[in-house]
Ligand SMILES: [Zn+2]
Ligand SMILES: [Zn+2]
């Protein structure tokens, strides 16, 4: 089968590989129908993910059809349409039991697919712990609607959940890239009084204005003033930082009112400075880190009910043999791209 592969720093290529086999009784083999490219794939390509194994098939955002299951897989059966979770988790350790599946202590726990074990930019993928890692797609939900459930939408959902948003809050989201938009869609489910999205890219500001007319937008130069005016207490009650730059990290705590919650979901390429003397007395609560992707069923229900729709994010779709073109477009942010989808098998 064809598998898009991390060869070495700076180089991905299409390779011919044997079809994956069941290795453990909790494994499932999934025939990938639609996959996407995530900025984490680019981090691997740029050598910024040291634990990524050269030779691994990349891709961790995909949906497909169950082809084969191990003896202990009870949740899905061959023929089922499923979303695949970016995280592998055992469901039994302390962290899994508390919903912190990102910290699963299994050797393959956390982000393994498309990083440490073969991922989903391939015709087939082996998913370990399939009872946890796969979720059934309702019949009337399309591949496109379900594509981001296991990764960026799970991230937005988790970030929203830990941010403790209340109806009287002014919520600031920094960054209107794909993860920022997924976060916005989940924040909107909480119906806060005001939502402000800060973004420097004109295309992305336009995207927010066009699709989410009730949301306020701000460029970074103006966001402090806009947020101070929008909040009832001189700043944002909740800030979600999804932009991942030095400037956005600073804005995250600067725009927060005293005693606000600042949730940092962005992945930075270098350490950030937390200038504690400058924020002394502001008494902020910081929440940080990587998604606990264990709410996929709930997210799929919201999609099925028409409450969350991420399909406008798919600005471009390619065939599998055009995946290099898809990467090129996504990496260089050409043609107003938000997300690219890659059709691997027709449904
Ligand atoms: Zn990702
Ligand atoms: Zn676990």
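None of the figures in this text is laboratory data; all of them are computed from the coordinates on show. On a predicted model such as this, the values are computed, not experimentally measured, just so you know. Cβ placement follows ideal geometry from the backbone for every residue including glycine, while neighbour counts extend to all protein chains displayed.
Structure data summary
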read-out	value
Fraction in percent of alpha-carbon pairs per bin - 10 Å, the stretch 147-218	21, 55, 24, 0
Exposure proxy order (Cβ contacts within 10 Å, fewest to most) of 124, 100	100, 124
Scaled radius of gyration (Cα, divided by 2.2 N^0.38 Å) that the stretch 68-127 gives	1.18
Packing rank of 28-36, 254-262, where each peptide gets the mean count of other beta carbons within 10 Å, highest leading	28-36, 254-262
Förster radius 35 Å - calculated FRET efficiency between residue 233 and residue 209 (Cβ-Cβ, nearest 0.05)	0.85
Computed label-point distance, nm, for sites residue 307 and residue 46 using a 7 Å Cα→Cβ extension	3.6 nm
Space enclosed by the convex hull of the alpha-carbon atoms of the stretch 98-218, per residue, Å³	151 Å³
Share, in percent, of DSSP beta bridges within the chain that are antiparallel, nearest 5	55 percent
Stretch gain in nm, segment residue 100-residue 9, where the contour uses 0.36 nm per residue and the Cα spacing is subtracted	29.7 nm
Global form of the stretch 154-288, assessed from the alpha-carbon gyration tensor, a/c cut-off 1.5	rounded
Of all DSSP beta bridges in the stretch 116-240, antiparallel share, percent nearest 5	0 percent
Estimated FRET transfer efficiency (residue 321, residue 347; beta-carbon r; R0 22 Å; 0.05)	0.80
Distance (nanometres) between label positions extended 7 Å along Cα→Cβ at residue 332 and residue 193	4.7 nm
Volume of the Cα convex hull of the chain, divided per residue and given in Å³	129 Å³
The chain - percent relative contact order, Cα under 8 Å, separation 6 or more	17 percent
Whole-number percent relative contact order across the stretch 154-288, with pairs defined as alpha carbons under 8 Å at least 6 apart	24 percent
Value of [θ]222 nm, deg cm²/dmol, for the chain, DSSP H segments ≥ 4, -39500 (n - 2.57) each, nearest 500	-6500 deg cm²/dmol
